[in-house]
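The values are calculated or read from the model by the stated rules, or taken from the named source; none is laboratory data. Fair warning: this is a prediction, and the values are worked out from it, not measured in the lab. Cβ placement follows ideal geometry from the backbone for every residue including glycine, while neighbour counts extend to all protein chains displayed. Quick note on the areas: whole protein, heavy atoms, side chains included, nothing else; ligands and nucleic acids left out. Shrake-Rupley method; radii C 1.70, N 1.55, O 1.52, S 1.80 Å.
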Amino acid sequence: MESDPSPTGHIATLTALLVAPGAEASAAGGRSRRLLGNPDNFLGNAKKIDAIFVFGDSVVDAGNNNFYPNAAFKSNIIPYGKTYFNKPTAQYLGLPLMKAYLDPSTKDYTQGVDFASAGSGFVPSIKATLHAVLGGDVANIDQQLQWFSQVKASLVSSVGTQKTDKLLRRSLFIVSAGGNDISWGYALNPFLRQQYTADQFSSIIIEAIYNTTLTLFNQGAKKIVLSAIGPIGCLPGNVAGNNGTCVETINDLAKLFNSKFPALLARVNANCEGAQVVYVDHFNVVEGFIKNGASHGFTKGSHACCGTGDYNGQLGGCGAVDGNGTALYNLCSKAELDQYVFWDYAHPTEKTYGILADLFIHGTGVVKPYNISSLCDRD
């Protein structure tokens, strides 16, 4: 893609930094290289990962929604993604850019594929809610797991059972979803709140993550990364309706959900002998960027770079145009972009995810019980 003097961002920035999608990417292409260091030293000389398979929502959607019928969310519009990163993280693993499963050009699965769909979640009612509110559809995690079964069958057909099993054992599986279950589900659906307490609903999502992990393990996955939820109450789309402050009731739901991951991992370890599973809990880090990010150069906590409405937080505001094609959205300057935690109403900037990706791969505390570099390096 061509470079552009204006700042760009996209709906799947974490994928670009963690698994590097073949879809649109955000601005300042050289920054990810500076944050993530020398790719030649990432995992040493021994290649431990043969492929990456991704399941989740908009944080890791590499472009599936561009091909999904009547998709609720897309980001294939200006000013989203007119530049790629200089050195996406998948390339640090010696792998090419991720491909979207639904992209008709995706034919080879031997180095992985991305199944994620923006807006998706674990709870079936999320799909129905999005259709009712927005008139669009998403591929929930159950659908994505069905796609993976088809991919595995295709691999067995092309390279045989033994090679497929070896490939999956040496692959990284990433599952990143749950935020939509809270934001589009429990927080907005009074019927769910009447039916379940917050503790009960968070346990339902945790149970779904366990079942997803068990399904992947039974299909041959060994190295799995699960993602907790960030401070979604502080998204520009939420602070815009809360006088510019974080909606702490939503943040409390996220923290309650996140608190159940240690027990989830213990359960996985007890029932999936040989599995190597880690989880990413970046809530406190991102909340720090938003509320006190000066040490990282963040001066715009919950104010999006691109969008419309208060705090540029209106849903779908970034990229909105009138009937003549004239831009209706606000857009921060390229010089200002590094001050912003968020690119649009719900998705962080490349800088934010660049720092997070470095923590996920090399850091301690945020990824438990050990970081992704250690996960990749284990036999």
> Quick check: anything in the range 248-259 loosely packed, with under 14 Cβ neighbours inside 10 Å, more than 30 Å from Lys222 (Cα to Cα) and of a type in the set (A, V, I, L, M)?
Replying inline: no
> Tally time: how many residues in the range 194-229 are surrounded by fewer than 16 Cβ atoms within 10 Å (Cβ to Cβ) and touching a strand residue (DSSP E or B) at 6+ places or on another chain (Cβ under 6 Å)?
Replying inline: 0
> Hey, among Thr110, Thr106, which residue is open to solvent by 20 Å² or more (accessible area, probe 1.4 Å), of a type in the set (Val, Ile, Thr) and modelled with pLDDT of 80 or more?
Replying inline: Thr110
> Is it fair to say Gly178 is touching a residue at least 24 places away in the same chain (Cβ under 8 Å) and either open to solvent by 60 Å² or more (accessible area, probe 1.4 Å) or farther than 14 Å from Gly112 by Cβ (or both)?
Replying inline: yes
> Among (1) closer than 25 Å to Leu214 by Cβ; (2) open to solvent by less than 50 Å² (accessible area, probe 1.4 Å); (3) within 18 Å of the chain's Cα centre (by Cα), which single condition is Ser183 missing?
Replying inline: (1)
> Across the range 113-147, what is the total count of residues that are open to solvent by 10 Å² or more (accessible area, probe 1.4 Å) and not hydrophobic (A, V, I, L, M, F, W, C)?
Replying inline: 11
>> Need the failing condition index for Ala357 against (1) of a type in the set (A, V, I, L, M); (2) loosely packed, with under 15 Cβ neighbours inside 10 Å; (3) touching a residue at least 12 places away in the same chain (Cβ under 8 Å), just the number.
In response: (2)
> Across the range 151-178, what is the total count of residues that are within 24 Å of Ala228 (Cα to Cα) and touching a Phe, Trp or Tyr at 6+ places or on another chain (Cβ under 9 Å)?
Replying inline: 9
>> For the range 230-247, which positions are among the hydrophobic types (A, V, I, L, M, F, W, C), closer than 24 Å to Phe360 by Cβ and either open to solvent by 10 Å² or more (accessible area, probe 1.4 Å) or touching a strand residue (DSSP E or B) at 6+ places or on another chain (Cβ under 8 Å) (or both)?
In response: Ile232, Leu235, Cys246
> Can you name every residue in the range 260-280 that is open to solvent by 10 Å² or more (accessible area, probe 1.4 Å) and touching a Lys or Arg at 6+ places or on another chain (Cβ under 7 Å)?
Replying inline: Gly274, Ala275, Gln276, Tyr279
>> Exactly one condition in (1) crowded, with 17+ Cβ neighbours inside 10 Å; (2) in contact (Cβ under 8 Å) with a residue 60 or more places away in the chain; (3) within 28 Å of Ala187 (Cβ to Cβ); (4) among the acidic types (Asp, Glu) is false for Glu287; which is it?
In response: (2)
> Applying the selection to the range 138-175, what residues are touching a strand residue (DSSP E or B) at 6+ places or on another chain (Cβ under 8 Å) and over 15 Å from Ala221 (Cβ atoms)?
Replying inline: Val138
>> Go through the range 121-154 and report how many residues are closer than 21 Å to Ala62 by Cα and hydrophobic (A, V, I, L, M, F, W, C).
In response: 10
>> Being within 20 Å of Asp103 (Cα to Cα), surrounded by fewer than 17 Cβ atoms within 10 Å (Cβ to Cβ) and not hydroxyl-bearing (Ser, Thr, Tyr) is the filter here; which residues of the range 148-175 pass it?
In response: Gln150, Ala153
